[in-house]
Every structure is written in C-alpha cells, then in structure tokens.
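Following: one structure in structure tokens, then a few remarks.
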Amino acid sequence: MFEARLSSATTLKKVLDAIKDLLNEATFDCNDSGIQLQAMDNSHVSLVSLTLRADGFDKYRCDRNLSMGMNLGSMAKIMKCANNDDTVTMKAQDNADTVVFMFESQNQEKVSDYEMKLMNLDQEHLGIPETDYACIVRMPAMEFARICRDLSQFGESLVICCTKEGVKFSASGDVGSANIKLAQTTSVDKEEEAVIIEMQEPVTLTFACRYLNSFTKATPLTNQVQLSMSMDVPLVVEYRIQDIGHVRYYLAPKIED
Amino acid sequence: YMKQTSLKSFFSFT
C-alpha cells in the first residue's frame with residue numbers, strides 16, 4: 001500500500017509545472033524515505049532530479065518499494081481539477097497498474113478521485129558523481145528567470161561567467177549582444193533577495209537558453225535558486241521546495257567544436 | 001561554433 005497526502009495541492013501542481021516542460025513521462029520511485037524521480041529529456045542534454053521526503057508529507061505510507069510510470073500530460077489534466085487549497089492524496093496498491101489522486105475541499109464537502117493508468121517506462125538511471133564545484137551562485141529565482149527570458153531573445157546560447165566580484169550573463173546573435181552583470185550582495189537585509197557567490201576558481205560556461213528557460217518553470221516553488229558550476233561539467237540548477245525536498249536540473253554545457 | 005554535449009558523456013549509467 002502506498003499513500004501520500006499533502007494538505008495543499010499547490011505544492012504538487014507547482015512540482016508538476018516544474019518538470020512537465022522537459023519530460024513527457026517519468027517514473028516516480030516511492031520507498032519509505034519518500035518519492036524520487038530522475039529522468040533525462042529526450043535529447044539527453046538535461047536531467048531532472050526530484051526529491052520529496054516522506055517527512056514533508058502530512059501523511060506518508062509506503063509498505064513496498066513502488067515505481068510508478070506516469071504520463072505527465074495526463075497527470076497535469078488531473079491536477080488541473082484540484083483547487084489550490086484542496087488536500088491531495090496519492091494512493092496505489094502494491095503492484096498496481098493505476099494510481100488514484102484524491103482531492104478533498106477544505107470544508108470536506110467535496111471529494112473527487114481520479115484514477116490514472118500507470119505506464120511501464122524504460123528507465124536509464126544515471127549515476128551523478130559527487131562534485132566540488134568551482135563556483136556556487138545563490139540568487140533570487142525570479143531574477144534568474146527574468147535574465148534567462150530576456151537574454152534568450154538575443155541568442156540561442158547563454159554564457160555564464162562567474163568571478164569573485166559577481167556573475168555575468170551574456171548572449172549574442174543577429175540583433176547584437178546583451179550582458180547582465182550581478183554583483184555579489186554586500187549587505188544582506190533580506191536573504192531571499194541576496195546574490196551570494198562562493199568561488200574557488202572563476203568559471204565561464206555556455207548553455208542552451210531553451211533548457212534554462214524550462215528550468216525556470218520551477219520559480220514559483222521558492223525564492224532562491226542555486227547554480228553550481230565547474231569548467232566543462234554539467235551545470236546544476238537547484239530549487240528547494242520548502243520543508244519537503246528539492247528539484248535539481250543538470251544541463252550539459254556547450255563546448256568549442 | 002559551440003557544440004552541445006550530451007549528459008551521457010559526463011554521467012555513468014547505474
């Protein structure tokens with residue numbers, strides 16, 4: 001028996017919005033410590049890694065490890081039927097080929113349930129090595145989304161250059177070129193508005209804008225985003241989900257041909 | 001010219 005309950009459907013809606021741009025389907029691996037999802041996009045350029053810890057749910061029970069392959073488009077149709085303040089419960093029997101989403105209104109007067117067929121997905125699990133990154137940037141998630149959106153007008157690629165002084169985002173193309181520099185915050189009044197840089201060595205890396213823009217669909221989940229970078233290795237973009245886990249995106253860099 | 005790399009060249013399959 002698997003059962004996981006959240007007191008507000010908003011969190012699950014936001015999590016789904018954060019991953020469905022990159023993935024059409026994905027397997028939710030459930031065990032007694034929580035729910036994990038790891039999947040690459042079709043082109044194998046980016047990877048989504050989602051963790052929802054058991055202790056972050058209002059109720060969580062998972063008697064046997066369970067892998068639930070879901071079509072995220074179908075899941076989105078179902079989640080659209082939930083009000084933000086509904087309680088949402090996911091339920092499945094052991095070895096089941098369906099999962100049930102149950103929504104309960106706050107006054108308990110409306111209860112809906114939606115049963116969705118599960119899929120058998122071929123899963124390629126990637127082992128991600130522990131890495132000490134040369135630069136770690138923490139910045140407002142809204143600011144990062146804005147920068148990705150603005151600069152993707154000027155080129156397909158975004159260059160991120162991180163030094164001790166700050167982080168510079170650049171794009172160039174037919175129109176011309178664009179640069180946005182963010183200095184490290186000197187006095188932190190509000191932590192969620194700060195730009196903080198931990199640098200061992202300066203880094204300059206180039207990434208495809210379209211993936212970065214997909215990652216920013218996670219912005220509603222949290223105030224701050226963390227970018228971890230080292231030369232010539234994938235970028236990690238991490239959004240923490242309050243009290244329950246995180247969604248991390250890995251993006252392979254573009255390199256000189 | 002910048003070439004897009006694949007994640008598969010950085011991470012190993014488990």
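The values are calculated or read from the model by the stated rules, or taken from the named source; none is laboratory data. What you are looking at is a predicted structure, and each value in this text was computed from that prediction instead of being measured. Cβ coordinates were reconstructed from backbone atoms using ideal geometry, including for glycine residues, and neighbour counts include every protein chain displayed.
Set side by side, the residues A:S214, A:S152, A:S170 differ, and just one is under 26 Å from A:I19 (Cα atoms) and within 14 Å of chain B (Cβ to nearest Cβ), which is A:S170.
For A:A208, are the conditions met, namely being small (G, A, S) and either surrounded by fewer than 14 Cβ atoms within 10 Å (Cβ to Cβ) or more than 13 Å from chain B (Cβ to nearest Cβ) (or both)? Spell out the reasoning first.
Details: small (G, A, S): yes; either surrounded by fewer than 14 Cβ atoms within 10 Å (Cβ to Cβ) or more than 13 Å from chain B (Cβ to nearest Cβ) (or both): no.
No.
Report yes if some residue within region A:51-59 is among the basic types (K, R) and either in contact with a helix residue (DSSP H, G or I) (Cβ under 6 Å, 6 or more places away or on another chain) or in contact (Cβ under 8 Å) with a residue 12 or more places away in the chain (or both); otherwise report no.
So in region A:51-59, the residues among the basic types (K, R) come out as A:53, A:59.
Now restrict to residues that are either in contact with a helix residue (DSSP H, G or I) (Cβ under 6 Å, 6 or more places away or on another chain) or in contact (Cβ under 8 Å) with a residue 12 or more places away in the chain (or both): A:53, A:59.
So far as region A:51-59 goes, yes, one or more of its residues are among the basic types (K, R) and either in contact with a helix residue (DSSP H, G or I) (Cβ under 6 Å, 6 or more places away or on another chain) or in contact (Cβ under 8 Å) with a residue 12 or more places away in the chain (or both).
Going through region A:141-151 one residue at a time, which ones are crowded, with 19+ Cβ neighbours inside 10 Å and in contact (Cβ under 8 Å) with a residue 60 or more places away in the chain? Scanning region A:141-151 gives A:A141, A:F144, A:A145, A:C148.
Conditions (1) in contact with a Phe, Trp or Tyr (Cβ under 8 Å, 6 or more places away or on another chain); (2) farther than 30 Å from A:K59 by Cα, marked per residue:
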{"residue": "A:G155", "(1), (2)": "no, yes"}
{"residue": "A:E165", "(1), (2)": "no, yes"}
{"residue": "A:A178", "(1), (2)": "yes, yes"}
{"residue": "A:A183", "(1), (2)": "no, yes"}
{"residue": "A:V188", "(1), (2)": "no, yes"}
{"residue": "A:A208", "(1), (2)": "no, yes"}
{"residue": "A:L227", "(1), (2)": "yes, yes"}
{"residue": "A:R240", "(1), (2)": "no, no"}
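Table: residues versus (1) among the hydrophobic types (A, V, I, L, M, F, W, C); (2) assigned to a strand (DSSP E or B); (3) more than 22 Å from the chain's Cα centre (by Cα).
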residue: A:R146; (1), (2), (3): no, no, no
residue: A:R149; (1), (2), (3): no, no, no
residue: A:F154; (1), (2), (3): yes, no, yes
residue: A:I160; (1), (2), (3): yes, yes, no
residue: A:L182; (1), (2), (3): yes, yes, yes
residue: A:S187; (1), (2), (3): no, no, yes
residue: A:E201; (1), (2), (3): no, no, yes
residue: A:T206; (1), (2), (3): no, yes, no
residue: A:V225; (1), (2), (3): yes, yes, no
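Pairs linking a residue in chain B that is more than 13 Å from A:K254 (Cα to Cα) and at the interface with chain A (Cβ under 7 Å from one of its Cβ atoms) to a residue that is among the aliphatic types (A, V, I, L, M) and not in a strand (DSSP E or B), with Cβ atoms under 6 Å and 6 or more positions apart or on different chains, are B:F11/A:I128.
Can you name the residue in region A:65-79 that is more than 15 Å from A:V100 (Cβ to Cβ) and in contact (Cβ under 8 Å) with a residue 40 or more places away in the chain and is also surrounded by the fewest Cβ atoms within 10 Å (Cβ to Cβ) among such residues? Break it down into steps so the answer makes sense when it comes.
First pass over region A:65-79, keeping only residues more than 15 Å from A:V100 (Cβ to Cβ): A:65, A:67, A:69, A:71-73, A:76.
Remaining after also requiring in contact (Cβ under 8 Å) with a residue 40 or more places away in the chain: A:67, A:69, A:71-73, A:76.
Details: A:S67: 14, A:G69: 17, A:N71: 18, A:L72: 18, A:G73: 11, A:A76: 13.
Looking at the filtered set, the residue picked out is A:G73.
Restricting attention to region A:1-26, the residues being over 20 Å from A:T87 (Cα atoms), surrounded by fewer than 21 Cβ atoms within 10 Å (Cβ to Cβ) and in contact with a Ser or Thr (Cβ under 8 Å, 6 or more places away or on another chain) number 1.
Restricted to region A:235-257, and to residues that are more than 14 Å from chain B (Cβ to nearest Cβ) and part of a strand (DSSP E or B), which residue is surrounded by the most Cβ atoms within 10 Å (Cβ to Cβ)? Once the filter is applied, the top-ranked residue is A:Y239.
Report yes if some residue within region A:43-50 is among the β-branched types (V, I, T), within 14 Å of chain B (Cβ to nearest Cβ) and closer than 26 Å to B:S12 by Cβ; otherwise report no. Don't jump to the end; show me each part of the working.
The initial filter retains those residues of region A:43-50 that are among the β-branched types (V, I, T), namely A:45, A:48.
After this cut, where a residue has to be within 14 Å of chain B (Cβ to nearest Cβ) as well, the list is A:45, A:48.
In the following step, the residues that additionally are closer than 26 Å to B:S12 by Cβ were identified as A:45, A:48.
Yes, there is a match, as at least one residue in region A:43-50 is among the β-branched types (V, I, T), within 14 Å of chain B (Cβ to nearest Cβ) and closer than 26 Å to B:S12 by Cβ.
Taking (1) closer than 30 Å to B:S12 by Cα; (2) modelled with pLDDT of 95 or more; (3) surrounded by 15 or more Cβ atoms within 10 Å (Cβ to Cβ); (4) not charged (D, E, K, R) in turn, A:L126 satisfies each apart from (2).
Matching residues to (1) within 20 Å of A:I244 (Cα to Cα); (2) within 19 Å of the chain's Cα centre (by Cα):
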position	(1), (2)
A:N24	no, yes
A:C30	yes, yes
A:Q38	yes, yes
A:Y60	yes, no
A:T89	yes, no
A:Q93	no, no
A:D97	no, no
A:S112	no, no
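Conditions (1) touching a strand residue (DSSP E or B) at 6+ places or on another chain (Cβ under 6 Å); (2) under 18 Å from A:L251 (Cβ atoms), marked per residue:
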site: A:M1; (1), (2): no, no
site: A:A9; (1), (2): yes, no
site: A:L16; (1), (2): no, no
site: A:K20; (1), (2): no, yes
site: A:N24; (1), (2): no, no
site: A:Q36; (1), (2): yes, no
site: A:M40; (1), (2): yes, yes
site: A:A54; (1), (2): yes, no
site: A:D63; (1), (2): no, no
